[in-house]
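Here the structure comes first, spelled out in structure tokens, and everything after it is commentary.
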Amino acid sequence: MRWTPKDIDTFDKAREYIDTVLVPLVPVAFENGMKQSASMYDFITLLTAAIEHQFKGRIMLMPSLAYLSSVDIDKRMELVNDWKNEIGSFQNIYFITSDSEWKAREPEFAGTLIWMPSIPLEHFGEEQVRTMVGDQARQVFDLFKRKWNEA
Amino acid sequence: MSKHNVSRRQFLSYTLTGVGGFMAAGMLMPMVRFAVDPVLKADAGGDFIATNQKVSDLTTEPKRVDFTYEQTDAWYKSEETKVAWVYKDDNGKIVALSPVCKHLGCTVDWNTDKSNPNQFFCPCHYGRYTKDGVNVPGTPPVAPLDVYDYNEKDGMLYLGQVKPHKGA
């Protein structure tokens, strides 16, 4: 499901089947690393779209949670925890990001952080981008399938 | 060299007829084109989208065929990738199934569930379909997989609109 009125209608009718929420975490920087943050955003957007496409009926893809890179990581962690608490009714909540700063805080996510290194897609043609993002997405597919099988 | 000399009168009338003819043709051609335009439109292109799949390479084993087309979402233009599961049935007829699960829209895979081989399998809620796309009773999906219209041109497979499955 995507965050659109049409998909929310479907969600309301089939709540018991959609037990997983995916929140993309995207950094925004203006001074240093503006281009890098844009590149990460581009990558995560395509990757999450591929994941949503595959698992439309079980995953709810949230709008990207954007934050300033300059904001202190503790404050950002608070923001993430707020989201986590609010979305609590879902069985699985996952955060997906390319921002390596989160990696250091992985224990606090308790297994709900998916970190994918960003690929600078701007150097590649459309066909190659599709293949590369598809390959990365497949890794995440397996992760979800495994998690669901455990439950 | 010809001995026959062209008179001034003859020369002028030939020239005028020629130039006049060209002008008339220049005016009439677009009109004729407009009139017959619908006839000239290519019909094979129509709503069918080319895939990279050779029809002769298709077997009885469903094969995943990806194809892309341009989609416009309000202002946002994007290349949309669509998928079809294509195979030839026992009579050699092509079957192109949509991979969109009729339960909640996940993408189904062929033959990935080990306990139920040779079926389409949805990883989200373990819905299953037999090879002809009909949903297996007792699994979440309530309808068979949709079917693509298809076309063959120069040995390549072209896919069109999705239609509801006939043999439900």
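The values are calculated or read from the model by the stated rules, or taken from the named source; none is laboratory data. Predicted, not measured: the structure shown is a model, and the values here were computed from it. Here the Cβ positions follow ideal geometry from the backbone for every residue, glycine too, while neighbour counts run over all protein chains shown. Each accessible area value is taken on the protein alone, full model and side chains, heavy atoms only, with ligands, DNA and RNA left out. Shrake-Rupley method; radii C 1.70, N 1.55, O 1.52, S 1.80 Å.
As a summary of the residue check, A:V26 satisfies the conditions (1) open to solvent by less than 10 Å² (accessible area, probe 1.4 Å); (2) within 14 Å of chain B (Cβ to nearest Cβ) except for the one numbered (2).
Kindly provide the set of residues from region A:80-118 that are out of contact with any Lys or Arg (no Cβ under 9 Å at 6 or more places or on another chain), closer than 24 Å to A:L46 by Cβ, part of a helix (DSSP H, G or I) and of a type in the set (A, V, I, L, M), ordered by number. Scanning region A:80-118 gives no hits. Looking for something loosely packed, with under 13 Cβ neighbours inside 10 Å, more than 14 Å from chain B (Cβ to nearest Cβ) and farther than 19 Å from A:I8 by Cα - is there at least one such residue anywhere in region A:51-66? The answer is yes; a qualifying residue exists. Residue selection: A:L79 fails the criterion of being surrounded by fewer than 18 Cβ atoms within 10 Å (Cβ to Cβ) and under 14 Å from A:T48 (Cα atoms). Counting only strands (runs of 3 or more DSSP E) that fall entirely inside region B:48-105 and contain at least 2 residues that are open to solvent by 80 Å² or more (accessible area, probe 1.4 Å), the qualifying elements are B:49-54, B:63-73, B:76-88.
Do we have any residue at all in region B:144-155 that's within 25 Å of the chain's Cα centre (by Cα) and among the hydrophobic types (A, V, I, L, M, F, W, C)? So far as region B:144-155 goes, yes, one or more of its residues are within 25 Å of the chain's Cα centre (by Cα) and among the hydrophobic types (A, V, I, L, M, F, W, C). Looking across region B:107-120, just one residue is surrounded by 22 or more Cβ atoms within 10 Å (Cβ to Cβ) and within 12 Å of another protein chain (Cβ to nearest Cβ), and that is B:V108.
Hey, A:E31 hits all of (1) more than 11 Å from every other protein chain (Cβ to nearest Cβ); (2) surrounded by 20 or more Cβ atoms within 10 Å (Cβ to Cβ) but one; which does it fall short on? With respect to (1) more than 11 Å from every other protein chain (Cβ to nearest Cβ); (2) surrounded by 20 or more Cβ atoms within 10 Å (Cβ to Cβ), A:E31 is out only on (2).
Condition test on A:P120, is it more than 13 Å from chain B (Cβ to nearest Cβ), surrounded by fewer than 12 Cβ atoms within 10 Å (Cβ to Cβ) and farther than 22 Å from B:A84 by Cα? Here the answer is no, as A:P120 does not meet what is asked.
Taken over region A:51-73, the criterion of being closer than 30 Å to B:K102 by Cα and in contact with a Phe, Trp or Tyr (Cβ under 9 Å, 6 or more places away or on another chain) is satisfied by A:I51, A:Q54, A:F55, A:G57, A:R58, A:I59, A:M60, A:L61, A:M62, A:P63, A:S64.
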